[in-house]
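All remarks here apply to the structure that follows.
The values are calculated or read from the model by the stated rules, or taken from the named source; none is laboratory data. All values reported here derive from a predicted model rather than from experimental measurement. As a convention, Cβ positions derive from the backbone with ideal geometry for all residues, glycine included, and neighbour counts pool all protein chains shown.
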Amino acid sequence: MTTVTNAKDGFRFTQPDDDTILRAALRSGYGMAYECSAGGCGACAFDPVAGDFETLWADAPGLSPRDRRKGRMLGCQTRAHGDVEIRCSSAAEYVPPIRPQRQRLRLLETRDLTHDMREFRFAGEGPAEFLPGQYMLLDLPGVQGSRAYSFSNVANDMGEWHFIIRRVPGGAATQVLFDELRDGDVIGADGPYGTAYLQSGSPRDIVCVAGGSGFAPMLSVLRGASAQGMLDTRKACFLFGARNVRDICGIDELAALPGFAGAGQFLPVVSEVVGGESWDGPTGFVHTHLAASLPRPLADYEFYFAGPPPMSQAIQELLMIEHKVPFGQIHFDRFF
Ligand SMILES: Cc1cc2nc3c(=O)[nH]c(=O)nc-3n(C[C@H](O)[C@H](O)[C@H](O)COP(=O)(O)OP(=O)(O)OC[C@H]3O[C@@H](n4cnc5c(N)ncnc54)[C@H](O)[C@@H]3O)c2cc1C
Ligand code: FES
């Protein structure tokens, strides 16, 4: 067991020998800044001050060449050995509402949603406690490093954790998930993580935008809103950016969602209609249809979005710069 001290504010937490600095901080209830937990975003970068540090993924793209020159490290890809001192950012918004825990998950069943999107249903060791929009880190056999996957269901006492995952050609984790994992197999998991979760107290109408596999957390957010009765008094709009017509999914899931049929609107947008496909709906980049799809000024809504980093960047700029939506009404995950 190691003690990590943040020289910025003097806060101390312990890190078990097999943990990372970021996960140990969050497990202890400390709000160390982070986003992806997967080495991609750089939000958890810290300056080492004193002590012995082990880098788990040397080439993690979350560190820029300048960060590397300055000796910065990623909290999600670093393990401390012996007591250490660091200088890192922290804020109340990163304090986990539910403390992340490691557990084993057993695969119950899978179901194909499209040609490359599959739902995976796992059973855990106790009740499944998380907020709609959060994610879990999965450890798959033979795969270096954990992968983040967003929940597509909502918290439940049966201990079921559902994910909707898109196969990435040549991807290490998705190859194991799609081609090797069998019903009954057990994997390692750690969570919940993530700050882009449903704001139950917000009175505003809900707008969800997903690109590709970003569908999973948006479905969880809408399922959460439905389960909590939020759709009785709020409207919801879901814009889903699909590459081709065959990538559209979710119509059945949303139709089955109590409250969504009356209060909701599902708007798939196809970026490229390929030969042989028939489509008379909206085309192009999903964010370009946002303003025209909503009847009121954008600053009146609560926004949730998930998907590829360029899509997130475009939506953030649209909302914050063009439409002056306050940052507190914008909740997103970038899928690195
Ligand atoms: C917050 C978040 C939520 C996500 N939710 C979903 C979801 O709901 N559905 C979905 O389909 N996808 C989701 N993703 C993407 C997912 O985590 C994977 O990146 C994707 O499935 C591809 O994984 P792969 O191993 O098949 O591909 P690969 O190309 O082999 O790996 C891709 C990612 O794995 C990580 N990685 C690679 N090598 C290492 C290493 N040595 N050590 C540590 N990490 C490494 C990096 O983050 C990299 O971007 C999410 C990503 C994030 C950050
Ligand atoms: S949280 Fe560590 S790089 Fe994203």
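What the table below lists for this structure:
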{"quantity": "Residue match in the stretch 181-204 (condition: basic (Lys, Arg) and either in the same structural domain as Leu239 (by TED's automatic domain parsing) or under 30 Å from Leu318 (Cα atoms) (or both))", "calculated": "yes"}
{"quantity": "First in the stretch 313-336 and within 16 Å of ligand 1 (Cβ to nearest atom), second anywhere and part of a loop (DSSP other than H, G, I, E, B) and among the polar types (S, T, N, Q), Cβ under 8 Å, 6 or more apart", "calculated": "His331/Thr195; His331/Gln199"}
{"quantity": "Matching residues in the stretch 41-53 - criterion: being under 20 Å from Ile98 (Cβ atoms) and either in contact (Cβ under 8 Å) with a residue 60 or more places away in the chain or out of contact with any Gly (no Cβ under 6 Å at 6 or more places or on another chain) (or both)", "calculated": "Ala43"}
{"quantity": "Residue, nearest to ligand 2 (Cβ to nearest atom), within the stretch 54-72, restricted to residues that are touching a helix residue (DSSP H, G or I) at 6+ places or on another chain (Cβ under 8 Å) and not hydroxyl-bearing (Ser, Thr, Tyr)", "calculated": "Gly62"}
{"quantity": "Every residue from the stretch 35-77 that is among the acidic types (Asp, Glu), within 16 Å of ligand 1 (Cβ to nearest atom) and in a strand (DSSP E or B)", "calculated": "Glu54"}
{"quantity": "Strands (runs of 3 or more DSSP E) fully within the stretch 96-211 counting 2 or more residues that are surrounded by fewer than 17 Cβ atoms within 10 Å (Cβ to Cβ)", "calculated": "101-112, 186-193"}
{"quantity": "Unique match (being under 23 Å from Gly40 (Cα atoms), among the β-branched types (Val, Ile, Thr) and touching a strand residue (DSSP E or B) at 6+ places or on another chain (Cβ under 7 Å)) among Ile330, Ile248", "calculated": "Ile330"}
{"quantity": "Residue count, the stretch 140-160 (criterion: near ligand 1 (Cβ under 10 Å from one of its atoms) and without any contact (Cβ under 8 Å) to a residue 60 or more places away in the chain)", "calculated": "2"}
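Yes or no, residue by residue, for (1) surrounded by 13 or more Cβ atoms within 10 Å (Cβ to Cβ); (2) touching a residue at least 40 places away in the same chain (Cβ under 8 Å); (3) among the hydrophobic types (A, V, I, L, M, F, W, C); (4) closer than 21 Å to Thr195 by Cα:
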| position | (1), (2), (3), (4) |
| --- | --- |
| Glu35 | yes, yes, no, yes |
| Gly39 | yes, yes, no, yes |
| Thr55 | yes, no, no, no |
| Ala60 | yes, no, yes, no |
| Gly75 | yes, yes, no, yes |
| Arg79 | yes, yes, no, no |
| Asp83 | yes, yes, no, no |
